[in-house]
Amino acid sequence: MEEQRLILPGGRYEKGKLIGTGTFAKVYHVRELATGESVAIKVINKDQVKDQGMVDQIQREISATRLLRHPHIVELREVLATKSKIFIWYQPSLHRHPCFP
Ligand SMILES: Nc1ncnc2c1ncn2[C@@H]1O[C@H](COP(=O)(O)OP(=O)(O)OP(=O)(O)O)[C@@H](O)[C@H]1O
């Protein structure tokens, strides 16, 4: 995927590689332009979640992940929702993915 500038809720980011795809989400490596910091952003498609009746499960996953603090579990930093998407920011330092320095 070609790199491109993105304006996401919460700031301006340079969009990097797609690093993973789940049932409802795509996860991208992005760099925050203001700080140069690398983060993983999970982008969840709300319509798909609603269509499959999984809204409660996604809400539970977000609530539970917010509370978790463990060296082997990526830390959820922030969640923002628009009309059609949910964006979840993950702290980069705990990741073991080649995208992250
Ligand atoms: N914080 C992260 N850092 C690096 N890669 C990640 C991160 N979060 C997710 N990924 C990658 O993105 C993929 C998709 O993640 P996602 O959480 O959407 O789905 P999943 O939990 O793997 O599967 P499912 O949605 O079916 O339960 C993961 O399998 C992983 O490879």
In segment 54-78, the residues that are surrounded by 15 or more Cβ atoms within 10 Å (Cβ to Cβ), among the β-branched types (Val, Ile, Thr) and modelled with pLDDT under 90: Val74
message: Just to confirm my filter: which strands (runs of 3 or more DSSP E) fall fully inside segment 6-85 and include at least 1 residues that are without any contact (Cβ under 8 Å) to a residue 24 or more places away in the chain and under 15 Å from the mean Cα position of the chain (by Cα)?
response: 11-21, 25-32, 76-81
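Limited to segment 29-60, what total is found for residues that are of a type outside the set (A, V, I, L, M, F, W, C) and near the ligand (Cβ under 9 Å from one of its atoms)? Let's see the steps before the verdict.
Of the residues in segment 29-60, the ones of a type outside the set (A, V, I, L, M, F, W, C) are 29, 31-32, 35-38, 42, 45-48, 50-53, 56-57, 59-60.
Restricting the remaining residues to those that are near the ligand (Cβ under 9 Å from one of its atoms) gives 29, 42.
Residues that pass the stated criteria total 2.
The values are calculated or read from the model by the stated rules, or taken from the named source; none is laboratory data. Keep in mind that this is a model prediction, so the values were computed, not measured. Ideal geometry is used to build each Cβ from the backbone, glycine not excepted, and the neighbour counts take in all protein chains shown.
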